[in-house]
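The values are calculated or read from the model by the stated rules, or taken from the named source; none is laboratory data. The shown structure was predicted, so the numbers you read here are calculated from the model rather than taken from an experiment. Using ideal geometry, Cβ is built from the backbone for each residue, glycine included, and neighbour counts are taken over all protein chains shown. Quick note on the areas: whole protein, heavy atoms, side chains included, nothing else; ligands and nucleic acids left out. Shrake-Rupley method; radii C 1.70, N 1.55, O 1.52, S 1.80 Å.
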Amino acid sequence: MSTRSDEAALAAIGAAAKELRLPTLRAEVARVAEIVTHERQSYLVFLSELLAAEVDDRAERRRARRIADAKFPRLKRLSEFNVDAVKTIQAAQLATLAHGHYLSAGEPVVLLGDSGTGKTHLLIGLGLAACEQGRRVRYTTCAQLVNELVEAADERVLSRVVARYGRLDLLLLDEVGYVQIDHRGAELLFQIITEREERASIALASNLPFSEWGAVFPDPRLVAAIVDRITFNAHILETGTESYRLRTSKSVARRSKAG
């Protein structure tokens, strides 16, 4: 790669790659050329290696963009969830959900359990697995979503916001039950749920059993309608009542004292 003709060729390839928006090809051409020349590979191998690098880099950038767009509060994987600490959750259940068949079927996932039992971890893990499969995902809390919908309704752009949420492959709705929702907010949330019913998945986490959702949503008929929609063909996982975080903290404290 030392002759003027090679330098001119690299310059021409760089200019063409810039015009065609192939940044990885542009960055890798000289390095790959050195390798295939040293190994006496064919021009076809040279081209295939460059195109493979471009494809891989684009896939990685799309994956990173999907994860960023999902707005996870932090990154947690299903594989990192300690199933030994939560006896009500089976590794096989998580493996099945990780494959994402429920997404293709538009089936809901419901996580029920007390605070600190791993619901948010599982919710984020489901979302991250979906992102890595090329799905469009968004994480939000129930209160955040309701506030966004109320603001959209006040600004007369509600249909646009509902449609945006309707295009997601997976909506992650956390902290259902932590904040009481007024009648208007509950009706707006119901619009989102209805928009996605049997077509696109919702995964939600709540610290309350369904029997206590009346304390969150003021209209009993609306509560019944919401529960009916999110439990139809749903995967319901119960994380229990014993806080994993509290148990871990106590275990660390005991080890510190013993040391």
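Before moving on, here are some points about what is shown:
- Summed residue charge, Cβ within 12 Å of G166's Cβ, Lys/Arg positive, Asp/Glu negative: +4
- Principal-axis tilt of helix 23-38 within the chain, Cα atoms, nearest 10 degrees: 50
- The count of lysine pairs in the chain that are at least 8 places apart or cross chains, and whose C-alpha atoms lie under 26 Å apart, stands at 7.
- Counting protein heavy atoms only, the range 93-179 has 46 percent of its accessible area on carbon and sulfur, 1.4 angstrom probe.
- Accessible surface of the range 1-59 [probe 1.4 Å, protein heavy atoms]: carbon and sulfur percent: 58
- Normalised per residue, the accessible area of the range 44-158 is 51 Å², obtained with a 1.4 Å probe and no contribution from ligands, DNA or RNA.
- Cleavage-rule hits (trypsin sites (Lys or Arg not before Pro)) in the range 24-59: DSSP loop, at most 10 neighbouring Cβ within 10 angstrom: R40
- Relative to the longest principal axis of the Cα atoms of the chain, the long axis of helix 142-154 makes an angle of roughly 80 degrees.
- Rounded to the nearest 10 degrees, the inclination of helix 244-258 to the longest alpha-carbon principal axis of the chain is 80 degrees.
- Computed over neighbours whose Cβ is under 13 Å from that of F232, the net charge equals -1, Lys and Arg +1, Asp and Glu -1.
- For the range 155-189 versus the range 69-123, the gap between their alpha-carbon centres in whole angstrom: 21
- Gyration tensor (alpha-carbon) shape descriptor, the range 93-230, a/c threshold 1.5: oblate
- Projected area averaged over orientations for the chain, convex hull of C-alpha atoms, nm²: 21.4
- Mean separation of Cα contacts under 8 Å, 6 or more apart, over the residue count of the range 1-129: relative contact order %: 23
- The loop-placed GluC sites (Glu not before Pro) in the range 1-43, going by DSSP, that have at most 11 neighbouring Cβ atoms within 10 Å of their Cβ come out as E39.
- Among the GluC sites (Glu not before Pro) in the range 130-196, those located in a DSSP loop and surrounded by at most 16 other Cβ atoms within 10 Å of their own Cβ are E155.
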